[in-house]
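For reference, the structure discussed in these notes is given below.
No lab work stands behind these numbers, since they all come straight from the coordinates. It should be emphasised that the depicted structure is a prediction, and the values quoted were computed from it without experimental measurement. We place every Cβ from the backbone using ideal geometry, glycine too, and count neighbours over all the protein chains shown.
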């Protein structure tokens with residue numbers, strides 16, 4: 001009797017075990033399901049990153065308008081003491097909107113009114129402020145977001161000699177014309193010489209935007225040169241760009257720095273992003289748009305200029321200065 005029961009238990013144990021073939025089938029099915037679901041998961045993550053990036057742009061657009069409401073103009077794209085003797089140091093538009101993006105404490109660290117000017121790379125609180133990571137200026141899709149980037153040798157804020165200033169994934173739209181020279185530094189032209197909004201040393205008012213605030217780019221997306229490279233834009237310094245190179249062009253992706261620039265110059269060649277197919281911009285009316293990298297260059301330039309085509313663009317495309325302005329994002 002006992003022997004029969006024992007045989008029955010053995011048969012039951014054998015009948016509940018997996019065979020090798022069955023196990024391989026299960027593993028194969030799981031692999032197929034993962035392969036099918038992974039693109040959807042990645043797409044969902046990218047959609048979330050892109051939405052967060054757009055929310056940051058909306059926050060910055062609102063801050064720019066709050067600044068305009070208080071001061072009567074947009075902030076200067078960048079001050080340049082080399083071309084304006086009473087400039088308060090090399091400070092970009094990003095430094096001036098800090099109180100409007102809940103960064104009053106960082107703003108208060110900067111000695112704007114000091115005489116002589118307290119440049120961001122001089123020792124003290126001003127330099128420490130330049131190294132503060134501002135989340136509103138970052139894109140979560142950029143693997144370099146939140147790192148410090150190289151600026152000047154005196155500005156070190158971290159353990160590495162190139163840990164200088166906190167990077168930014170946003171740059172002011174200054175010009176439709178090329179502002180950079182391969183292999184060398186360049187500086188934003190003064191306003192109103194620039195044909196965009198955020199030029200050097202002097203500010204732009206909404207009234208100066210003859211094409212209309214809803215048709216003119218204000219701030220666009222830029223990338224770092226890659227995680228750990230310490231190369232990219234900084235929110236504190238000459239943080240403006242032109243649209244001459246297009247979006248995700250050969251000289252802008254992925255880091256927006258000229259490949260021939262052995263110095264790894266932080267001054268980027270244009271606008272780019274880690275989002276597939278284009279990048280985000282906030283217009284002068286505060287609206288945020290994702291512009292395709294396939295946008296016609298003449299249209300991108302028309303969105304850049306605040307008062308019709310510039311003479312150089314007219315010469316290149318044969319566009320009459322009396323032609324209707326190409327306006328509105330695609």
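Compared with the direct C-alpha span, the chain from residue 32 to residue 83 gains 12.1 nm at full extension, assuming 0.36 nm per residue. Given a Förster distance of 51 angstrom, what is the FRET efficiency for residue 229 paired with residue 21, based on the Cβ-Cβ distance and rounded to 0.05? Using R0 = 51 Å, I get an efficiency of 0.55.
In this rough spin-label picture, where each label sits 7 Å from Cα along the Cβ direction, the residue 285-residue 104 distance is 3.2 nm. Compared with the alpha-carbon gap, the fully stretched path from residue 292 to residue 210 is longer by 27.1 nm at 0.36 nm per residue.
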